[in-house]
Amino acid sequence: MSAEANVITEGEVVLAGAGAGPRGNTRRGLRRFRRNRLGMVGLAIILFLIAVAIFAPLIAPYPDDATGAVHVTDALQGPSWSHPFGTDDLGADVFSRVVFGARYSLAVGLAVVGLAALIGVPLGALSGYFGGWINQIIMRITDIFLTIPGIVLALAIGAAMGAGLLNATIALALTWWPGFCRLVQGQVLALRQQTFVEAAKVVGTPETRIVFRHILPNTMTPVLVKISMDIGFAILSAAGLSFIGIGAQPPTPEWGAMVSLGRLYMPDWWWIATFPGLAIFLAVFAFNMLGDGMRDALDPRAQG
Amino acid sequence: MGRGRFLIWRLVLLIPTVIGLTILTFIISRVVPADPAKLAAGPRATPEMVETIREKYGLNDPLITQYVDYLRGLVRGDFGDSILTQHKVSDDLASRFPATLELVLAAMFLAVAIGVPLGVLSAIYQNRWPDQIARLFAVSFVSIPVFWFAIILQLALASRLGLVPLGRRYPTRDTPPDDRTGFFLIDSLLAGDWHAFLTSAHHLILPAIVLSIAPLAIIMRTLRGDVLEVMGQDFVRTARAKGLASRSVIRRHVLKNAFIPSLTMIGLTFGWTLGGTVLVEAVFDWPGIGKYAVDAAVRLDFQPIMGVTVLVGIAFVLINLLVDLLYGFLDPRIEY
Amino acid sequence: MKRSPENGLANQLTGSTSRRGLLKGTAAGAGALAIGGTQIAPRIAAQEGGVAIFASAVDIPNIDPGVGHDGAISVSQKHLYDTLYRHMGASAELVPWLATGHTVSEDATVWTFTLDPNATFKDGSPVNADAVVYSIQRLIGLNQGVAWMFDGILEPENAVAVDDQTVEFTLNTPFAPFLHAMTWIFVLNPAEVQANEVDGDQGQAWLVGNSAGSGPFTITRWEPGNLYEFTADPDYWKGWESPHVDGFIHQVSVESSTKRIALQSGDIQFAEWLSPQDKTVLSNQAGVVVPMDPSITTYTIKLNNQVGPTADINVRRAISWAFDYDAMIEVMGGFGTRIAGPLSPALTGARQEPFYQMDIEKAKEELAKSEEWAGGFDIDFVYVTGLEEERQTGLILADQLSQLGINVNVVGMEWANAVALFADPETSPAMFPIYSGSDYPDADNYLWQSFHSSSAGTWTGASHYINPEVDALLEEGRSTIDEAARIEIYNQVQDIVIDEAVEVYLSSPIEAVPYREEVIGYVYSPVMGSSPWFYEISLV
């Protein structure tokens, strides 16, 4: 046994080697999920954040501040009734910016993981189903990606592409897909031997159709669990890239970029960095609890 | 396969991976619109000056030539020169890597020393309140943005309470212990200098705590899961049925068996923690490769970025290799 | 032959005044009084010894005089190496150093320097004419660092050692500010460089972190990215005139607040690159002096004069009328002054009264004159990632221009990416803020690099401004020795580029490098890399 076979991505902490549950399990799983208290709390927070993101213009007292309005005379004021989270260096209302920030962070988290799944899942399926040299090539490529912490590689890619939230999202997705690829490859490898696949082959179903119609849908449960677990980490990573200046650029009210700016004003004007940081924590925490709950419910073999 | 041959085989397998890594970073670094030569030449450089630099660094050669040159240097341990500082990247890495490694090792020490007992406790008290609290902390710890945590702890512990230094590895005015290993803690012990040891530890503690929380949580959760799984296995039930006291069952049977799969996770978190240094070193003015990588990335100085990427990649693979070897010592049944 | 008049050119540079003024200085007892830029302190208080720590966000990656060149690097170079002349003090006066004097031909093309026979390198060998010639030829040969100063002006073979103590330079063309350029020729010990040569690299690998100079300090610790220690050489050939520190450490610290706290607690003696807010906090602190020194650096927004909306003079004027200059100064925390044109008001011959003020109505009027762009448009403002004030400038500008129907995209970009864009007017950013420091206090240094057509495409020439009339004036300025005549020429240049709104002229920073009260002898020098000068600094 070697560790390499167990190499998994950050989010997938306890999922290693989890088997596929047949599709019927999903409904039972959802019922189980509803009984999972922490998971439900996570879900509630996420729904709340989504609501905040959607209704940001209504919630934020100063919506213009999110897009870079400047009120120099109001700069660096501490939290008060009119500015619950204080104001930043240009007098913008930190609360309004945090509210609008929910849009960016949620979107980035989803986009990174979604893109990664979009790349990783088909490649993993091809690799697992066809095996042979296709499998070898794809797996060796994932090896390369997995030998280096994602954040370091994303730093290199992000820097090369130029700072910006979109580029940071792409950079992260490019470092994220191997996890999905490995996961699906393992699943497909196992499914390939099963009778319903053999049956499809016997009746002459084209192979691509077998992969996409019969095999892939059966890998969806663990993929879904991984997606839900990874979104939090994707938000965290994107915020990290923004923090070191590779990601979102001002005046974009992205939380990581706001912490980065606020760092310059520590410790006296602590609110500029503190509140966006708390927002990141809340969002990531919610997704992690949701992910844990999903895993416990849908993937009974994994405990934790 | 014997252990020796296994080791050699794994090292051989490292080669294509590292080559792949260099190709990847090389492609990344050469498709950018940036003109590092122009940046290096300075604000008032004439076009001829820019050209001189381009020539000097072979930036006018065909890409394939540039790549082969790079690989040829790499074999000799030469990571090329930074175009902006003209430093040898290998020198820079050699002087900075010990700082990062000492920090990461300290963080991992904390993570294992706290995470392992917590994980076991959590499993023993499954679903009772110590478990619930520990799990809540675990999920919180992996959710905290490490860079933000760094700033907040710096504010609270260093800035406000003055318990620890704001940052840096050693007081600027004092000369650190003789450089033997590059690890200040070890060097000061070797020199028998307790004052230096305590000073180094005092500077190290805050960044180490900050970096340790994520691996701590991951190790705790993994171990909890592994302990639960082992406790559910037949031989443990048998031992319990034989009337062995619960505590001794756990010590004798469960821990060892549960710890083996967790080792993999410890190896992996080590690599992530190494990556995490890019987010926190700058906050603490820690003179390691994380800060170095960020500085280089922001200035698009690609030779250092490639150097860090390759170095971290190799370190990651070697650590996982070490983990595999540890498996063998802990569990003689494992065959390679 | 006559003496060069260059010495007096910068005499308009005013001295510093402490933000907290006189009172607090007196209250500190034996501490320094900050009056008009000079530290007046009883000699008894100053003591020999001690190590001063200078914390800066900037690293010193490469101190090879033939290669490295920026503020922090130059500070190191000036302590390790000697030059024929040095810029000294608040007025950046030219003081002979390795030279004992010089003569210049009537047409400002032949410059002859005599050297101090006492000058020696660390190995005891003399700093002679051959060493000077070697150093300048090496610089031009490597074609890096400040080699641009001599581009088209001096061919390497025209630097000649007449005898051991005499060096003669014959220029291709008259160049009035040549004496200033001499403050940038750091004289290397040829024997030491050659002894450390690897594969014919002229010592480049070695000189990255080693000195082959004759200066008053030597390197004792070299930890890139962390700290650099310089130690006073007790046997310095020129001797020491006043009490001085044993050494100083350049400490790399990124965070402004970290430096501020360290300065408050006395862990460090100087802190550079602080945020305006931190400087303001410090100015109310006991034990810390926050000097307010007018710099000759200018902060402007380069506008692309060739392509896009900013190629239209009416658009450029509209932008200049729309900018909220007061908000900018406010954001700079008061550590800046308005500039009228491309030169800092502290520089001799600079236009003083700002022409453009924030006036949205005027801006609208100007914009309406443009046929193509009157209806509004989208435009990029590209700033360098991480530079706070540039980002804030962009946001202020965007906020103002939205009133004209102009939508500004504030884009952060890494330096390397940005500079790559300048080469071609097609890719040059429409608006690009830039700080332009001066290597010597002379109008030519700034105006030539910004507005002469041969500079188009460099960082400072990012406007891609081409105007034959201005070219002719600038060339005339270089070959004119008479100071009054030069000022007249440069006034004409300024009036043209202000009228045409080639750039948006924002401000000149007030340099505030806060330091501990126990520091004696700190004098700000406006020339890049000339302060602090630890040769004259001591600690109480």
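Observations, loosely collected:
- Total charge dipole magnitude, the range A:3-298, about the Cα centre, Cβ charges on Lys, Arg, Asp, Glu only, Debye to nearest 20: 1600 debye
- Cα→Cβ-extended label distance, 7 Å offset, between B:Leu121 and C:Trp240, nm: 5.8 nm
- Spin-label model distance (nm) - C:Gln194 vs C:Ser453, 7 Å beyond Cα toward Cβ: 4.6 nm
- 0 to 90° range, to nearest 10: angle between helix C:468-478 axis and chain C longest Cα axis: 20 degrees
- Here's the list of lysines a cross-link from B:Lys256 could span, going by alpha-carbon distance under 21 Å and ignoring same-chain residues fewer than 8 apart: B:Lys242.
- Charge dipole (the protein assembly as shown, unit charges on Cβ, about Cα centre) - positive-most of C:Ala311, C:Trp273, A:Ile227: A:Ile227
- For the range A:73-114, the residues whose backbone nitrogen is under 16 Å from a point 7 Å from the Cα of B:Arg160, taken along Cα to Cβ, are A:78-79.
- Structural descriptor for chain B: relative contact order 25 percent, calculated from alpha carbon pairs under 8 angstrom and at least 6 residues apart.
- Relative contact order (%) - the range B:128-281, alpha-carbon pairs under 8 angstrom, separation at least six: 27 percent
- Angle between chain C longest axis and helix C:360-369 axis [Cα atoms, degrees, rounded to 10]: 70 degrees
- Stretching B:Glu55 away from B:Ile19 to a fully extended chain increases their span by 10.4 nm, per 0.36 nm per residue minus the current alpha-carbon distance.
- Kirkwood hydrodynamic radius computed over chain B comes to 22.8 Å, based on all pairs of distinct alpha carbons.
- Area projected by the alpha carbon convex hull of the range A:220-261, averaged over all directions, nm²: 3.1 nm²
- Cα shape, the range B:102-152, gyration tensor, a/c 1.5 rule: oblate
- Take the range B:97-300 with all the other protein chains still there, run a 1.4 Å probe, and you get 39 Å² of accessible area per residue.
- Seen from every direction in turn and averaged, the convex hull around the alpha carbons of the protein assembly as shown projects onto 50.0 nm².
- The accessible surface of the protein assembly as shown, taken with every protein chain in place and a 1.4 Å probe, is 60 percent carbon and sulfur.
- Rounded to the nearest 100, the interface formed by chains B and C buries 3600 square angstrom of accessible surface, both chains summed, with a 1.4 Å probe.
- Cα-projected label distance for C:Thr427 with A:Thr208, points at 7 Å along beta-carbon direction, nm: 3.9 nm
- Between 0 and 90°, nearest 10: helix C:388-401 axis offset from chain C longest Cα axis: 20 degrees
- The calculated FRET efficiency for C:Thr220 paired with C:Thr280, based on their beta-carbon distance and R0 = 41 Å, is about 0.70.
- With contributions of -39500 (n - 2.57) from each DSSP H run of at least four residues, the per-residue ellipticity at 222 nm computed over the protein assembly as shown stands at -16000 deg cm²/dmol.
- Backbone geometry of the range A:234-246 corresponds, through the Karplus equation with coefficients 6.51, -1.76 and 1.60 at θ = phi - 60°, to 3J(HN,Hα) couplings of 5, 4, 4, 5, 5, 4, x, 5, 5, 4, 8, x, 8 Hz, x marking Gly and Pro.
- Under a 5 Å amide H cut-off, with hydrogens placed 1.01 Å from N, C:Val288 pairs with C:Glu517 among residues at least 5 apart or on other chains.
- Stretched out straight at 0.36 nm per residue, the stretch from C:Gln492 to C:Thr231 would grow longer than its current Cα-Cα span by 89.2 nm.
- Computed from the C-beta positions of C:Thr173 and C:Phe355, the FRET efficiency with R₀ = 22 Å rounds to 0.10.
- Rounded if a/c under 1.5, otherwise prolate or oblate - the range C:386-540, Cα gyration tensor axes: oblate
- Efficiency of FRET from Cβ geometry, A:Phe130 and B:Leu11, R₀ 22 Å, rounded to 0.05: 0.15
- Interface burial for B against A (accessible surface, 1.4 Å probe, total of both chains, Å², rounded to 100): 4700 Å²
- Percent RCO, i.e. relative contact order, over the range A:3-298, from Cα pairs under 8 Å lying at least 6 residues apart: 29 percent
- Buried accessible surface for the A/C pair, both sides summed and rounded to the nearest 100, is 1900 Å² with a 1.4 Å probe.
- Partners of C:Lys369 within straight-line reach, counting aspartates and glutamates whose Cα lies under 12 Å from its Cα and excluding those fewer than 8 residues away in the same chain: C:Asp312.
- Dipole magnitude of the range C:284-368 about its Cα centre (Cβ charges: Lys, Arg +1; Asp, Glu -1), debye to nearest 20: 260 debye
- Candidate cross-link partners of C:Lys238 among the aspartates and glutamates, defined by an alpha-carbon separation under 12 Å and a same-chain spacing of 8 or more, comprise C:Asp82, C:Asp116.
- GNM remark for chain A: springs join alpha carbons under 10 Å apart, and the peak mean-square fluctuation among A:Val99, A:Val121, A:Val41 falls on A:Val41.
- Between C:Val110 and C:Ser105, C:Leu171, the built amide H atoms are under 5 Å apart, and every one of these is 5 or more places off in sequence or on another chain.
- Whether chain C is rounded, prolate or oblate, judged on the alpha carbon gyration tensor where a/c under 1.5 counts as rounded: oblate
- Charges were assigned to the Cβ only: +1 to each Lys and Arg, -1 to each Asp and Glu. The resulting dipole of the range B:97-300 about its Cα centre is roughly 940 debye.
- Averaged over its residues, chain C has an accessible area of 32 Å² per residue, based on protein heavy atoms and a 1.4 Å probe.
The values are calculated or read from the model by the stated rules, or taken from the named source; none is laboratory data. Please read all numbers here as calculations on a predicted model, not as lab measurements. Counting neighbours? That spans all protein chains shown, and the Cβs are built from the backbone with ideal geometry, glycine included. What goes into the accessible areas is simple: the full protein's heavy atoms, side chains included, and nothing from ligands, DNA or RNA. Shrake-Rupley method; radii C 1.70, N 1.55, O 1.52, S 1.80 Å.
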